[in-house]
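Okay, so here's the structure we're looking at.
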Amino acid sequence: MYNPGSKQHKKWLASSGKFRLFSTEEMQRREAGRREERIKASDRARRHPLLSLEGLPAGNLEHTNGLFVLQPNLSKGRRPVYKHQHQDMYLFFAASMSKWYIGKETSMRAGKASGWLMVNSQAMTADQIQAQWKVYDPALSKSWTSSPAVQISDVKWSLPRLPRFFFAPNIAEIDVHETLVSHVRDFYEAHVLPAIHDESTEIKSKSTQAGEIPLSFYRQFAGGKFRSDIKWVFPADYFAYTSLVSFLGEMNTTKFLREFVDLDPDQGELQVYIPSFVVRVQVNKRYYHMDWPKEGGSNGLTLMLPLYDMEDQENGCHLLYKDLEGNERVYKYQLGKAVIFGGGLIHSSQPCEARSIAEHNRPWAFLCYNFGTNKMKHWKTIGPQMECSGKFVVLPNGTVQNTSSCSNAHKELEKG
């Protein structure tokens, strides 16, 4: 008979106590491991927020093909959730079955193993899924059917969606050293500012030092369409172009953007399609637009660097943009900071009253770059945005394309 007071019982109590202590430590280690997994998955998902699903044939489920966008505030089974860009459907992990599903919002919210696409994978993010997808289409079969053609892949060319920007698509900020900002400002004030208010579209700078080559610029007015007195000052010759491009090289943007832009490793560098100075005094109304189509992701980018301190512009003249939910947000320009944005970012200049030129002796000015991939295969998507910028643009492969035939389009921009 078992004796509770025996040595055997005492030995069992001692061993069970040790076992309970070991269990607690193990549980703590496992919880720490799960927490680390969640952090790594969340970080990876933010860096790869756009996924492409392909391979479903024409039929009832064809509409599932397309882009799935990370939902920053949602997770299921310690894994991120993605939503179709145009349809009310979600890509999520159902922990009860250890599988990923594409299904309705109600199933996603409940973490229910339900949908019409399913894959047996415990990948921490959907871009890491390697297993074969299965499809449930009642019109064709009453059971799950393997579909080797279905693939989900990371759309590499997309900037991380950051809390700082309320998870808006393709927008980021970089630091620019004050010395470089000063050099750009000196260049602008020497070559562009003296003639900025002339009526002519042509600006011929005066050489400032002995032996220095005068530079040519083309001033494009776009106030009508953009509801402001905005002027774009583009380089009109090779020397002006290379002078402006050299400033971008000093910002070391390639190091920051390399993993988010589709670059040819043999070329290695980002291609500047056209640099410019953006100059304005006032903005009358909002004009929401996209510089680049959303399909281009971050292969086409715009960089804006203010040349003057805008601290006194508390309520105007900054950058408006739409966040993940379509709400209006304000990005305030700061000296020493450049904002970069790409495909799909809906934005506008913030309305502001006319600046007192007499008081400040100058309009607001920004160094601007339209730049991105060095692969020609993307030009069909992003190129139309550049076709009528200035006198010429430089293509991703480095060749120059004349845009002088766009004079009528330039006049339409001015009229609005």
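The values are calculated or read from the model by the stated rules, or taken from the named source; none is laboratory data. Predicted model only: the values in this text are computed from it and were never measured. Virtual Cβ from ideal backbone geometry, glycine too; neighbours counted across all protein chains shown.
Brief remarks on what is shown
- Matching residues in the range 262-281 - criterion: being part of a loop (DSSP other than H, G, I, E, B) and on the phi < 0 side of the Ramachandran plot: Asp262, Leu263, Asp264, Pro265, Asp266, Gln267, Glu269, Leu270, Val281
- Inside the range 150-171, residues that are within 17 Å of Thr302 (Cα to Cα), out of contact with any Ser or Thr (no Cβ under 9 Å at 6 or more places or on another chain) and of a type in the set (A, V, I, L, M, F, W, C) make up a count of 3.
- Within the range 198-215, if we keep just the residues that are more than 18 Å from Tyr238 (Cβ to Cβ) and surrounded by 11 or more Cβ atoms within 10 Å (Cβ to Cβ), the residue that is modelled with the lowest pLDDT turns out to be Thr208.
- Among residues of the range 89-101 being assigned to a strand (DSSP E or B) and within 25 Å of the chain's Cα centre (by Cα), the one that is farthest from Gln122 (Cα to Cα) is Tyr90.
- Some residue of the range 358-370 being under 23 Å from Ser52 (Cβ atoms) and surrounded by 15 or more Cβ atoms within 10 Å (Cβ to Cβ): no
- The numbered conditions (1) touching a Lys or Arg at 6+ places or on another chain (Cβ under 9 Å); (2) closer than 25 Å to Gly55 by Cα are all true for Val192 except (2).
Quick grid of which residues meet (1) over 30 Å from Glu328 (Cβ atoms); (2) out of contact with any Gly (no Cβ under 7 Å at 6 or more places or on another chain); (3) among the basic types (Lys, Arg):
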| site | (1), (2), (3) |
| --- | --- |
| Val81 | no, yes, no |
| Ala94 | yes, no, no |
| Ser114 | yes, no, no |
| Gln122 | yes, yes, no |
| Pro138 | yes, yes, no |
| Lys142 | yes, yes, yes |
| Pro148 | yes, yes, no |
| Phe165 | no, yes, no |
| Ala168 | no, yes, no |
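- Unique match (being touching a strand residue (DSSP E or B) at 6+ places or on another chain (Cβ under 7 Å) and either modelled with pLDDT of 85 or more or not assigned by TED's automatic domain parsing to the domain that holds Cys352 (or both)) among Phe221, Phe260, Phe239, Phe234: Phe234
- Subset of the range 173-209 (residues that are in contact with a Ser or Thr (Cβ under 9 Å, 6 or more places away or on another chain) and more than 26 Å from Leu301 (Cβ to Cβ)): Ala190, Pro194, Ala195, Glu202, Lys204, Ser205
- Looking at Val69, Val119, just one residue is closer than 19 Å to Leu324 by Cβ and among the aliphatic types (A, V, I, L, M), and that residue is Val69.
- Highlighted here are the strands (runs of 3 or more DSSP E) found entirely within the range 301-416 that include at least 2 residues which are closer than 26 Å to Gln271 by Cα and modelled with pLDDT of 90 or more: 319-322, 337-341, 347-349, 364-372, 392-394, 400-402.
- Some residue of the range 278-286 being surrounded by fewer than 19 Cβ atoms within 10 Å (Cβ to Cβ) and either at pLDDT 90 or above or charged (D, E, K, R) (or both): yes
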